[in-house]
Amino acid sequence: MTEHRAFTASGPFGDPSRPEDAFLTTLAELARRDGRPLCRRLADEIDRLGPTRRKWKASRVPCVAQLDACLSRGPDDMAYLRGAIAGMKGGLNWTTCPVDPALGGFNRHHGYCTLVGEDGRIPSDRLLVGLFLIDPNIHYPHHFHAADELYLPISDPIAIQAVGRSGSVLRQPGRFVQMPSRTTHALWTGERATLLVWAWMGELSGEFRIGTARG
């Protein structure tokens, strides 16, 4: 079993009372290492964030009971990121997508939280960043949105299919997935709950729809 690595005041991320800073510093570094366009853009947007921090507004949904198990596994180079998530887990504002018949039972089997955004702990009108937790053996149906998106699996592989590309791709933990604006895509989890980072850039308040984007 892989453990998360705690960060300390003498470590590379500074004050352990600000785990969100450790999270974002580590995420930006991982994005820079990847080097692809959306990853470079994410790192740049994180660098632009200001010092304002709002109060934590903690809330939970049922699947968050599996968060600790997710944080106990994953590649070694993600250990500091997992440690930062563990440090802020008590304050995260977990919720679910709005009820939509097209989602089927998905609403009962996922949770997401927003760390960076207009209503997030770290305010921004240019960037959304948060966590996404999905139960085992769950399909997140095809959907699309105006924003450019990045996923970063933390704990386990996830299968992703983008319309217009052949088949689905199994993305391993620690490897970013780029979803350009209005790319219709779907996700499938495996035998264990899966924790991901998600980020939106660009048209944050633009169209979001379950189903396939119009050609």
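The values are calculated or read from the model by the stated rules, or taken from the named source; none is laboratory data. Keep in mind it's a predicted model, so treat the numbers as computed, not measured. Please note: Cβ atoms are built from the backbone with ideal geometry, for glycine as well, and neighbour counts cover all protein chains shown.
At-a-glance table
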item	result
Residues of segment 106-120 classified as surrounded by fewer than 14 Cβ atoms within 10 Å (Cβ to Cβ) and under 14 Å from the mean Cα position of the chain (by Cα), total	0
Only one of L92, L103, L49, L133 that is touching a residue at least 60 places away in the same chain (Cβ under 8 Å), crowded, with 16+ Cβ neighbours inside 10 Å and under 16 Å from the mean Cα position of the chain (by Cα)	L133
Restricting segment 115-164 to residues that are of a type in the set (G, A, S) and in a strand (DSSP E or B), the residue that is nearest to T183 (Cα to Cα)	A162
Any hit, segment 162-170, residues being modelled with pLDDT of 90 or more, crowded, with 16+ Cβ neighbours inside 10 Å and not polar (S, T, N, Q)	no
Restricting segment 189-215 to residues that are at pLDDT 95 or above and either polar (S, T, N, Q) or under 16 Å from H142 (Cβ atoms) (or both), the residue that is surrounded by the most Cβ atoms within 10 Å (Cβ to Cβ)	T194
Whichever residue in segment 58-80 is surrounded by fewer than 18 Cβ atoms within 10 Å (Cβ to Cβ), within 23 Å of T26 (Cα to Cα) and not aliphatic (A, V, I, L, M) and, among such residues, is modelled with the lowest pLDDT	D77
Residue selected from segment 139-158 under the condition among the aliphatic types (A, V, I, L, M) and either at pLDDT 95 or above or surrounded by 20 or more Cβ atoms within 10 Å (Cβ to Cβ) (or both), by the criterion farthest from V169 (Cα to Cα)	A147
Residue match in segment 82-100 (condition: modelled with pLDDT of 95 or more, part of a loop (DSSP other than H, G, I, E, B), among the aromatic types (F, W, Y) and out of contact with any Pro (no Cβ under 6 Å at 6 or more places or on another chain))	yes
